[in-house]
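One structure below.
Since every read-out is calculated from the coordinates, none of them should be taken as a lab result. All values reported here derive from a predicted model rather than from experimental measurement. All Cβ positions, even for glycine, are placed from backbone atoms using ideal geometry, and neighbour counts span all protein chains on display.
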């Protein structure tokens, strides 16, 4: 049974503020607690920056080229593989390779760093076989920083659905997914921030039974010896005319992968069910790519 007033639960996880709105009269508090618990479990399991995470201990410190995967991790890698292929390799979980290199050798300049590890990165560096991850080179390292937060959002929706919740909104640091619409039948109204004035909204998007993520390069950075780079790492860099990309897709995981890839190549071919909004370097809003031609 739905409620016109949401139960709102907030918590800090995955370096961001997480908010869950559940429109249900019964059990909303317990459902929200389950979502928080599952989010923290995923953070602990797949945290690239934690030496005790499953990702680092089992995958990145693997003792052989073949790593048996549990059902959940196999699903994650399987979905990620499809997203890598769908973005022509622009979305790349092996970006952990360059991050690990720079931890060991912070004196390296950007070009030399990428050249030294390029054979250990990309879709050709790994594949799945019989419930296992196969990685031929020990230097190949996986970072799911652009994956697990979105995966947690999707799992939050799955948890809510399993309890019959008709309407919910999950927002983990701007990675957002709506279950259904508002109880009155209208869509949720989601604001997208001005990249140059981050406390100000620039436009809004109606959201119902879909996910919305925004990727931008103005909030965080990555340091090479010779330059500061966007945290969206790519050997060819992000597109200079794109300040942010918002993607509307069926799942947060798909939206997140595509929004990341589109900051690098805004002319990437998109699935028919996906919508996109670009903000260019003049704060103009676009739903096509003529501005980069």
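Legend: ranking of residues 248, 207, 262 from fewest to most surrounding C-beta atoms inside 10 Å; resulting order 207, 248, 262. Take the Cβ atoms of residue 136 and residue 273, set R0 to 41 Å, and the FRET efficiency comes out at 0.70. Relative contact order for the chain: 17 percent, from Cα pairs under 8 Å spaced at least 6 residues apart, divided by residue count. Relative to the dominant Cα principal axis of the chain, helix 148-162 is inclined by about 30°.
For segment 30-77, the relative contact order is 17 percent, taking Cα pairs closer than 8 Å that sit 6 or more residues apart in sequence and dividing their mean separation by the residue count.
Neighbour counts of other Cβ atoms within 10 Å put 169, 42, 268 in the fewest-to-most order 268, 42, 169. In the chain, helical runs assigned H by DSSP with n ≥ 4 each contribute -39500 (n - 2.57); averaged across all residues and rounded to the nearest 500, the mean residue ellipticity at 222 nm is -8500 deg cm²/dmol. Relative to the longest principal axis of the Cα atoms of the chain, the long axis of helix 252-264 makes an angle of roughly 50 degrees. Measuring between their Cα centroids, segment 278-293 and segment 60-125 lie 30 Å from each other.
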